[in-house]
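The values are calculated or read from the model by the stated rules, or taken from the named source; none is laboratory data. For clarity, every value in this text was computed on a predicted model and none was experimentally measured. Glycine also receives a Cβ, built like all others from the backbone with ideal geometry; neighbour counts cover every protein chain displayed. SASA here: full protein model, heavy atoms, side chains in, ligands and nucleic acids out. Shrake-Rupley method; radii C 1.70, N 1.55, O 1.52, S 1.80 Å.
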Amino acid sequence: MDLAIQFVLQLTPFANIRAMDDHADILRYIAEYWEWDIDAYRTYLNPNLRTDNTYIVLCALVFLTMAEWMHLIYSGLTSEELQQRMYAMGHRTFAILAAIPRLGVIIVRNMEIVVIADSPVLALWLVVASMFPALIFPLLLSGARELRLWIANRWRQRRALERDRGETITVTMIGRSESNQTVPVQPIIDEIEVSHRHNGHLHSPGERIRFDSVADGCK
């Protein structure tokens, strides 16, 4: 979504508007911006006003009227009033609205290509060829860059997952090895207690006499 918004804003005066701090300069800039659009439409309509391409002429007249309205209204504003309107609707929205007449120039030219071309396929290829150096090629480069970044991020995540998994397996094997090498303590303690009891019995007088008599009998 952000990529599409950035692509649309490239067709608008958004970058120049954001770069200017003085709203009087912005007002002068967009006035010149719309004057160029008005001259472009008038240049197109003067020889084609009475042609058979009625829909193209009507479309051009609509965009011409739009540009003239915007130039008429905004040219009468002060820099403070322009600042209030821009902050009320947002810089991006204002830039997109300001660029509609400029986009209309491209739309009218593409409509002419469709009408003059012999087939829809040919018209499509011609329209794409006309947009390739300015729009399609930069869009392809941007998409390829985004795809390369996505692949690199996925590769890093996979490598990190494999590394964490290897460390987990190593720790588990070390824990098992240590548990196998550990000598059980409780049986040793039991043997020591039995040995102490046996020695205690031998050191008592009754057990010693009994042991001596058994020994004499064996002799």
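Tell me the helices (runs of 4 or more DSSP H) entirely within the range 101-219 that contain at least 2 residues that are over 24 Å from residue 10 (Cβ atoms) and either acidic (Asp, Glu) or at pLDDT below 55 (or both). Because the criterion is at least 2 residues that are over 24 Å from residue 10 (Cβ atoms) and either acidic (Asp, Glu) or at pLDDT below 55 (or both), the helices (runs of 4 or more DSSP H) in the range 101-219 that meet it are 137-181, 185-203, 205-218. Scanning the range 39-65 for residues that are within 38 Å of the chain's Cα centre (by Cα) and buried (at least 18 other Cβ atoms within 10 Å of the Cβ) turns up 40, 60, 63, 64. Being of a type in the set (A, V, I, L, M), in contact (Cβ under 8 Å) with a residue 40 or more places away in the chain and out of contact with any helix residue (DSSP H, G or I) (no Cβ under 7 Å at 6 or more places or on another chain) holds for only one residue in 129, 99, 144, and it is 99.
If the condition is being within 20 Å of residue 21 (Cα to Cα), open to solvent by 40 Å² or more (accessible area, probe 1.4 Å) and touching a helix residue (DSSP H, G or I) at 6+ places or on another chain (Cβ under 7 Å), then the range 66-83 contributes 75, 83. Only residues that are closer than 23 Å to residue 107 by Cα and under 29 Å from the mean Cα position of the chain (by Cα) were counted across the range 17-38, and they come to 0. The residue of the range 104-134 that is nearest to the chain's Cα centre (by Cα), among those that are under 30 Å from residue 82 (Cα atoms) and open to solvent by less than 60 Å² (accessible area, probe 1.4 Å), is 104. Residues of the range 20-70 that are part of a loop (DSSP other than H, G, I, E, B) and touching a residue at least 24 places away in the same chain (Cβ under 8 Å): 22, 53.
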